[in-house]
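Working notes, beginning with the structure itself.
The values are calculated or read from the model by the stated rules, or taken from the named source; none is laboratory data. Source: prediction; values computed, not measured. Backbone-built Cβ (ideal geometry, glycine too); neighbour counts: all protein chains shown. SASA here: full protein model, heavy atoms, side chains in, ligands and nucleic acids out. Shrake-Rupley method; radii C 1.70, N 1.55, O 1.52, S 1.80 Å.
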Amino acid sequence: MTTHAASASHVAIAAGAADGRQRAIIENVQPTVDDGRFAIKRVIGESVIVEADAFTDGHDAVRAFVRYRTPQNAWREVEMSALGNDRWRAQFTVDELGLWQFQVFAWVDHTLTWRRELARREDPDDILLALKVGATLLEEASSHASGPDVTQLATYAAELRRAADAEQGKRLALAPELIALAARYPQRRLQSSMGPFDVRVEPVLARFGSWYEFFPRSTASEPGKHGTFKDCMARVDYAAELGFDVVYLPPIHPVGRTKRKGPNNTLQAGPNDHGSPWAIGAKEGGHKDILPALGTAEDFKRLLAHARSRGVELALDIAFQCAPDHPYVQSHPEWFRKRPDGSIQYAENPPKKYQDIYPFDFETEDWEALYAELIDVVMHWVREGVRIFRVDNPHTKPFPLWERLIAEVKAHAPEAIFLSEAFTRPKVMHRLAKLGFTQSYTYYPWRNTKQELTNYFTELCRGPGREYFRPNTWPNTPDILTEYLQIGGRAAFMTRFVLAATLSATYGIYGPAFELMEHEPRDPGSEEYRDSEKYQVRHWDLKRADSLAPFIARVNRIRREHAALQSDWSLRFIDIENEQMIAFMKSTLVASPNSNSPSLSGEGSTSSYALSQSGEGGSNSHHLSLGGRGQGEGSADQDHIIVIANLDPWHAQSGWLELPLDTLGLTPDRPYRVQDLLGGGSFLWQGARNFVRLDPNGAAAHIFHLRRRVRTERDFDYFL
C-alpha cells in the first residue's frame with residue numbers, strides 16, 4: 001500500500017532531486033486520491049484515464065509514458081498523447097481483480113527535438129550539419145535496440161553521415177518509417193517519474209447493483225412464528241424475481257438476553273420477545289456463531305448456495321459491538337470501558353441509550369489482540385463463503401482498524417465488497433471510503449427538493465470524491481422512515497424509489513416494509529417505525545394487491561436492460577420549469593450490431609465505458625473512450641435515459657423540459673421519438689422545449705429512452 005513517505009518521494013523524484021540532469025517535470029497527475037495516499041477505484045472492464053502535466057525548460061521536446069501493472073506485477077506501458085498546454089493523457093483497461101499500480105514517466109527526447117528543429121531548417125549547411133547530429137542520435141538508439149532494428153538504425157545513421165544533398169538528406173531524416181523506428185528506442189536514462197499510484201479493481205457489482213434487506217426471523221409463512229434459513233430461501237426467490245442482485249441480512253448471531261429490548265424499544269422485554277439482532281452475543285456464542293432459531297452453519301451454507309443459484313449474492317451485517325452476555329465480556333473484560341462504579345459503559349448517542357449494547361474500548365492496552373479478533377470475525381465469514389458485508393456504524397470505530405481489516409480481507413478475497421453504513425459528517429464518510437469501503441450510504445433520504453437533489457448528486461457524480469466514494473442510495477432502512485414517506489402516500493414511495501434507482505447505479509431498500517409502504521412512525525416526529533422489526537418478529541403479506549413489487553421489478557428490469565443506468569459519472573441534470581419537478585439524464589454508447597466499432601459491453605449487461613475529467617490545463621469535458629481517437633471506425637448507438645419525476649406526492653405538476661439537443665445529437669428542425677420505459681408507449685417530440693405533466697395518482701415519474709446512431713471515430717463530449 002502506498003504510504004505517506006512514498007507519496008512525498010513522488011515530488012522529490014519529479015523535481016529531479018535524484019539527478020540534477022533530470023530536466024522533465026511532472027505535476028498534477030490525475031486520477032489520484034490525496035496525492036496517492038489512497039487508491040482510486042475501478043471495476044473489471046473499466047479504463048483508467050491518466051492525465052499529467054509534463055514539461056521541461058527551454059524548447060526541447062518531451063515524451064511521456066504511463067507504466068502500469070496487474071496484481072501479478074507484469075508491467076506494461078502506453079505512451080501518453082499531448083492534449084495541449086503541456087497536458088498529457090493515456091489510458092489502460094483493468095481486467096483483473098486486485099490492487100493495480102501506475103506511474104508516469106517523462107523525459108527530454110533529444111531525437112524528437114532534433115527532428116522538430118530539422119523540419120524548420122532551410123540553410124543547406126545547417127541541414128548537413130544537423131544530419132550528422134541525427135546520425136549520432138541514431139547510433140545511440142541502435143546501441144540499445146534489438147533484432148533487425150539494430151542494423152536498420154545503423155544503416156540510417158550511415159546514410160545521414162554520407163548525405164551530400166541537403167534536401168535529399170532532410171527528406172530521408174524526416175521519413176515516417178525512420179521516425180517510427182527511432183521512436184521505439186528513446187534514450188530514457190534521465191527520465192523523471194511520479195508514482196506509483198494505486199488502483200483498487202473490484203467486481204462490477206461494486207459499481208452497479210440493487211440491494212434488498214430483510215430480517216430472517218420475519219420470513220416464516222405462519223404469523224407469529226420465528227423464521228429460519230429455510231424460510232429465507234423463499235424470500236430470496238422473491239427478491240430475485242423482483243430483480244435484486246444482493247440480499248442483505250441483519251445480524252444472524254445469538255441475541256443477548258441481559259437488558260434485552262422489548263417491542264418499540266421498550267426497556268422491558270417479555271419472555272417471548274426476541275430483542276434486537278444488533279445486541280450480539282449470548283451463551284450460545286458471539287460474532288462467529290449463528291442464532292439457533294435460524295438454523296445451523298450447514299443451513300446457512302445451503303442458503304448461500306441457493307441465493308447464488310438464483311443469481312443473488314448474500315450480504316451479512318458486521319456490527320462490532322456486544323450484548324452484556326456476549327462471551328467476550330467474560331473472556332476479555334479489558335476490551336470494554338468501565339464507568340466509575342465499575343460497571344461496563346453501554347452505548348449512548350444522547351439522548352438515545354442502548355442499554356443492550358456494549359461498545360468496544362479501542363484505546364485498550366490490549367488493542368492489538370482486539371484488532372486481530374475482529375479481523376478474524378470477518379475472515380471467519382469469508383471462509384464460510386460470504387463476500388459482501390454491510391458494516392454497521394463504522395464511523396464509531398477507529399480508522400486504522402478498517403484500513404487493516406479491509407486490506408487483509410481483500411488480499412484473501414479481492415472480490416469482497418464492503419458497504420459503509422455511516423450517516424455522519426461528510427469528511428468522516430469520505431475517509432472511510434478512502435480507506436477501502438467499496439460503497440457508502442448517503443444523505444439521500446433527507447434530500448427532497450430539486451435543489452437539494454441536484455446539488456448533492458452533482459457533488460457525488462462530478463466531484464473529486466467520485467474516484468473513491470461510490471454512493472449506495474436507500475430511501476428507507478430499519479432505522480430511517482423519513483417524514484416524506486410517512487405523509488406522502490403511495491406516490492411518495494414510487495417517486496423516492498425511482499430517484500434512488502436512477503440517480504445512483506447502486507441502491508437498496510429495506511423490505512418488505514418499502515414495497516408494502518410501511519409509514520407509521522413510533523412517535524410523532526420520529527423516524528423510527530412503529531412495531532419495528534428491530535425489536536420483534538413481523539409477518540408480511542407479500543401478495544397484497546397494493547404492493548409496489550411489480551413496479552419495483554419493472555424499474556429493476558429497466559436498469560438491467562440499459563447500460564446508461566449502470567454507472568454514475570454521466571449524470572447530467574436538465575432544466576424543467578417547475579420547482580416541483582426534477583429531470584436528469586444518463587448516457588452511454590452501445591455497439592451497433594454487425595458494426596466494426598469496439599465492444600462497449602462489460603461483464604454481464606454492464607457497460608465498461610471509460611469516463612474522465614481533465615485536470616488543470618486540459619479539457620473540462622468528460623470523454624467517453626472508444627479506445628482512442630481515430631480507432632474503431634464504424635457505428636454505435638448513443639443510449640440516453642431521461643428521467644423526470646414529480647416531487648409533489650399530492651398534486652399533478654407540469655412544466656416545460658429544456659433538452660440539450662447538442663448533447664443528444666439532435667437538431668431543432670427534425671422530430672425524434674422518446675420511449676416511455678416505465679409507463680409504456682412513446683412520444684414524438686421536436687426541438688429542445690417539450691411539455692411534461694405528471695399526476696401522482698397515475699405516473700409519478702417518466703423513464704424515457706432515446707437512442708440514436710453515431711459514428712465512433714470521434715470523441716464524445718456530451719458528458720459536460
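A few comments on the model shown:
- Of all the listed residues (I558, I574, I552, I642), the sole one being part of a strand (DSSP E or B), at pLDDT 95 or above and within 19 Å of Y507 (Cα to Cα) is I642.
Let's see how each residue does on (1) under 23 Å from I44 (Cα atoms); (2) out of contact with any strand residue (DSSP E or B) (no Cβ under 6 Å at 6 or more places or on another chain):
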| residue | (1), (2) |
| --- | --- |
| T396 | no, yes |
| F399 | no, yes |
| E408 | yes, yes |
| H412 | yes, yes |
| S420 | yes, no |
| V428 | no, yes |
| L432 | yes, no |
| F437 | yes, no |
| Y441 | yes, no |
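- For beta carbons closer than 8 Å, sequence separation of 6+ or different chains, a first residue in segment 17-43 that is over 24 Å from D60 (Cα atoms) and among the acidic types (D, E) and a second that is open to solvent by less than 10 Å² (accessible area, probe 1.4 Å) and in a helix (DSSP H, G or I), the qualifying pairs are D35/H10.
- Of the criteria (1) surrounded by 21 or more Cβ atoms within 10 Å (Cβ to Cβ); (2) of a type outside the set (G, A, S); (3) touching a His at 6+ places or on another chain (Cβ under 9 Å), which one V94 fails: (3)
- Residue satisfying all of: in segment 645-659; in a strand (DSSP E or B) and not polar (S, T, N, Q); most open to solvent (accessible area, probe 1.4 Å) among these: W656
- Pairs are defined by a Cβ separation below 6 Å, a sequence spacing of at least 6 or placement on different chains, a first member in segment 674-687 that is in a loop (DSSP other than H, G, I, E, B), and a second member that is loosely packed, with under 13 Cβ neighbours inside 10 Å and of a type outside the set (A, V, I, L, M); the pairs so defined are G687/P668.
- Enumeration of residues in segment 41-84 that are more than 28 Å from the chain's Cα centre (by Cα), open to solvent by less than 10 Å² (accessible area, probe 1.4 Å) and either within 15 Å of S193 (Cβ to Cβ) or of a type in the set (V, I, T) (or both): A54, A64
- Condition broken by P292, with the remaining ones in (1) open to solvent by 10 Å² or more (accessible area, probe 1.4 Å); (2) closer than 16 Å to D356 by Cα; (3) assigned to a loop (DSSP other than H, G, I, E, B) satisfied: (2)
- Y672 falls short of the stated requirement of being touching a helix residue (DSSP H, G or I) at 6+ places or on another chain (Cβ under 7 Å), modelled with pLDDT under 95, farther than 24 Å from N448 by Cα and open to solvent by 10 Å² or more (accessible area, probe 1.4 Å).
- In segment 330-373, the residues that are in a helix (DSSP H, G or I) and among the hydroxyl-bearing types (S, T, Y): S331, Y371
- Which listed residue is of a type in the set (A, V, I, L, M) and buried (at least 19 other Cβ atoms within 10 Å of the Cβ), from A347, A305, A279: A279
- Residue ID - farthest from F229 (Cα to Cα), chosen from residues in segment 310-323 that are in a loop (DSSP other than H, G, I, E, B) and open to solvent by 10 Å² or more (accessible area, probe 1.4 Å): G311
- Residues that are farther than 14 Å from K586 by Cβ and charged (D, E, K, R) within segment 547-569 comprise R554, R557, R560, listed in sequence order.
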